[in-house]
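Trainee: Just dropping this structure here.
The values are calculated or read from the model by the stated rules, or taken from the named source; none is laboratory data. Computed from a prediction, not measured in an experiment: that's the story for all the values here. Note that we place each Cβ from the backbone using ideal geometry, even for glycine, and neighbour counts take in every protein chain shown. When the accessible area is computed, the model is the full protein with side chains, heavy atoms only, and any ligands, DNA or RNA have been set aside. Shrake-Rupley method; radii C 1.70, N 1.55, O 1.52, S 1.80 Å.
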Amino acid sequence: MLRVGLTGGIGAGKSTVANRLAEHGAVLIDADALARQVVEPGTEGLAEVVAAFGTGVLAADGSLDRQALAARAFADEESRRRLNGIVHPLVGARTAELMQRAPADAVLVHDIPLLVENGLAAHYHLVVVVDAAEDVRVRRLAESRGMTEQDARARIAAQADERQRRAAADVWLDNGGAPDIVLSAVDALWADRLVPFEANLRLHRPRAQRSPVITAYDESWPDQAARALARVRLAAGERAVRADHIGSTAVPGLPAKDVLDLQLTVPTLADADAIAESLGGAGFLREPGDWSDDPQDGDGPARWAKRLHTGADPGRPVNLHVRPADGPAWRLALLFRDWLRAEPAERDAYAGHKRRLAEAHAADGTVFGYAEDKQGWVNAAFQRAEDWATRTGWSPS
Ligand code: ADP
């Protein structure tokens, strides 16, 4: 099952996007709808709310009078917490139940307005944010829900801002234009990303091979890596010693293959094996076979053994290197990155070398020949990086 978190500010068009995804076949869970369902007449939830806030929160027909409840529950922090303490667990249980009931091959879309506010992004394989300019949203809320401008702006101000949403968004859907524009973006997202992502996960499909293509440094790589690392940490749990963005995409200004290299350091290789399935469930599939970072220094390959996982998202290629803390490779990856960050001349020399090799291997159809040829330069560079570490007193932060 692919878990997609769908969010955005009020009036941005979440429901519009959610409904289109449902038309394509997504299983929809609407957090707002569940929050209403768990306090419908006759529910345990409503009984608890009445026990906490009194019969004054009930309308004449026995249903919840939302305005009356708001006046009581949002009067102070303690009351707000009390209400959330009743509603949130009930919504959580119902959400879990619906998720369990969804078919194994489902693309599950969780429409959840407060995803960013509640820091939930890492729980989803992909976070989709719908956005429109504030003035546009205010106008739509007035037209569709009869909301006053003041009320609309107050609600918007109480939610996450655009910067926070951008940091969480794997996919940013601009819904500032006509509905057709966002709907065709949703159609493409469904066909090009969500459907193959789900199938990759379920069928454990390896990433398609291609020749090396070097692209210019992308300013958004660090944020993209941070989002993936949050998912990795969550899946690794207590076995994670540390998780870092490494490799060329972690060096500002360095052209690179558009593949994020991430490193998860775990105590031992046995720990790497113990969390392989959990990482796979989070979207990072274990690549079969033995992988090693042995730079042929005579140490024997065992110390350099690692596990390699690759991201199942066709829209964001990721290599996740799971390395044992009792081996030398994790430190070397961090040293190489920090040295390239600190030494622009070395970074540029590396860039030139990579470009030449990528040209030479442009028709290979895989990256293996390119990677093998690159290793000679890298192994020689390790010595210069070690000298730099000695000179500067570098150690892994
Ligand atoms: P949200 O669920 O994010 O609060 P909705 O999907 O309910 O937002 O959209 C708010 C209102 O704006 C709805 O009445 C919807 O029909 C309308 N709407 C959504 N997208 C557009 C659009 N691109 N152009 C005009 N109106 C839109």
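Trainee: Which value results when the Cα radius of gyration for segment 33-111 is divided by 2.2 N^0.38 Å?
Mentor: Numbers: Rg = 14.5 Å, N = 79, 2.2 N^0.38 = 11.6 Å.
Rg over 2.2 N^0.38 Å, computed on Cα atoms: 1.25.
Trainee: With charges only on Cβ, +1 for K and R and -1 for D and E, what is the dipole size of segment 221-392 about its Cα centre, in debye, rounded to 20?
Mentor: 460
Trainee: Spelling out what I want: for every residue of segment 362-377, take phi, set θ = phi - 60°, compute 6.51 cos²θ - 1.76 cosθ + 1.60 (Karplus), and round to whole Hz; glycine and proline get x.
Mentor: 5, 10, 5, x, 9, 9, 5, x, 4, 5, 5, 5, 5, 4, x, 4
Trainee: Give me the percent of accessible area attributable to carbon and sulfur for segment 27-179, probe 1.4 angstrom.
Mentor: On the way: 4170 of 8250 Å².
Percent of accessible area from carbon and sulfur atoms in segment 27-179: 51.
Trainee: Right, next: What residue among Q150, M99, L28 has its Cα farthest toward the positive end of the dipole of segment 2-203, where the charges are +1 on Lys, Arg and -1 on Asp, Glu, each on the Cβ?
Mentor: Of Q150, M99, L28, it is M99.
Trainee: Which whole-Hz ³J(HN,Hα) couplings does segment 220-227 yield from phi under the Karplus relation 6.51 cos²θ - 1.76 cosθ + 1.60, θ = phi - 60°, glycine and proline marked x?
Mentor: Rounded to whole hertz, the list is 8, 4, x, 5, 4, 5, 4, 5.
Trainee: Going by amide H atoms built from the backbone, whose H comes under 5 Å of the H on D261, apart from near neighbours?
Mentor: Hits under the 5 Å cutoff: I246, T249, N319.
Trainee: Something else: When only alpha-carbon atoms count, how far does segment 221-392 stretch along each of its three principal axes, as whole angstroms with the largest first?
Mentor: 39, 36, 29
Trainee: Using a 1.4 Å probe and ignoring any ligands, DNA or RNA, find the accessible area of T392 and quote it in Å² to the nearest 10.
Mentor: Using a 1.4 Å probe on the heavy atoms, I get roughly 80 Å².
Trainee: At a 10 angstrom cut-off on C-beta neighbours, averaged per residue, how do the peptides 11-17, 336-342, 206-212 rank from highest to lowest? Don't skip to the answer; put the middle values down first.
Mentor: Numbers: 11-17: 22.4, 336-342: 20.0, 206-212: 14.0.
Order by mean packing, descending: 11-17, 336-342, 206-212.
Trainee: Note the full-extension length gain between D326 and D61 as 0.36 nm times their separation in residues minus their Cα-Cα distance, in nm to one decimal.
Mentor: 88.7 nm
Trainee: How big is the convex hull of the Cα atoms of segment 171-249, per residue, in Å³?
Mentor: Considering the Cα atoms of segment 171-249, their hull volume per residue is 166 Å³.
Trainee: Here is a follow-up. Rounded, prolate or oblate for segment 2-203? Axes are the square roots of the Cα gyration tensor eigenvalues, ordered a ≥ b ≥ c, and the cut-off for rounded is a/c under 1.5.
Mentor: Oblate shape, in that a/c is at least 1.5 and b/c is the bigger or equal ratio.
Trainee: Would you kindly work out the equivalent ellipsoid of the chain from its C-alpha gyration tensor and give its semi-axes, the square roots of five times the eigenvalues, largest first in whole Å?
Mentor: Whole-Å semi-axes of the equivalent ellipsoid: 46, 23, 20.
Trainee: For L58, list long-range residues whose amide hydrogen, built 1.01 Å from N in the peptide plane, is under 5 Å from its own amide hydrogen.
Mentor: D65
Trainee: Once phi is turned into ³J(HN,Hα) by the Karplus curve 6.51 cos²θ - 1.76 cosθ + 1.60 with θ = phi - 60°, what whole-Hz value does each residue of segment 341-350 show in order, with x for glycine and proline?
Mentor: Coupling constants for segment 341-350: 5, 8, 10, x, 5, 5, 4, 5, 5, 5 Hz.
Trainee: Share of segment 221-392's accessible area from carbon and sulfur, percent, 1.4 Å? Please list the in-between numbers first.
Mentor: Working: 3840 of 7440 Å².
Roughly 52 percent, rounded to a whole number.
Trainee: Report Rg(Cα)/(2.2 N^0.38 Å) for segment 92-196, keeping two decimals.
Mentor: After normalising by residue count via 2.2 N^0.38 Å, the value is 1.21.
Trainee: Next question. Hey, what number do you get for the chain at 222 nm if only DSSP H runs of n ≥ 4 count, each worth -39500 (n - 2.57), divided across all residues, to the nearest 500?
Mentor: The helix-only estimate for the chain comes to -15000 deg cm²/dmol at 222 nm.
Trainee: On to the next question. What does the charge dipole of the chain about its Cα centre add up to, to the nearest 20 debye, if the Cβ of each Lys and Arg holds +1 and the Cβ of each Asp and Glu holds -1?
Mentor: Dipole size: approximately 120 debye.
Trainee: By DSSP, what percent of the beta bridges with both residues in the chain are antiparallel, rounded to the nearest 5?
Mentor: Counting DSSP beta bridges with both partners in the chain, the antiparallel share is about 40 percent.
Trainee: Moving to a separate point now. Going by amide H atoms built from the backbone, whose H comes under 5 Å of the H on Y217, apart from near neighbours?
Mentor: For Y217, the qualifying residues are A256.
Trainee: Evaluate segment 310-397: find the radius of gyration of its Cα atoms, find its Kirkwood radius, and give the ratio Rg to Rh.
Mentor: My calculation puts Rg/Rh at 1.00.
Trainee: Still on this structure: In whole Å, what three semi-axes, largest first, describe the equivalent ellipsoid of segment 138-292 built from its Cα gyration tensor (square root of 5 times each eigenvalue)?
Mentor: Gyration-tensor ellipsoid for segment 138-292: 36, 20, 18 Å.
Trainee: For segment 175-215, compute Rg over Rh where Rg is the Cα radius of gyration and Rh is the Kirkwood radius from the inverse mean 1/r over Cα pairs.
Mentor: 1.17
Trainee: Same structure again: Could you compute how much accessible surface I275 exposes when probed at 1.4 Å, giving the result in Å² to the nearest 10?
Mentor: 10
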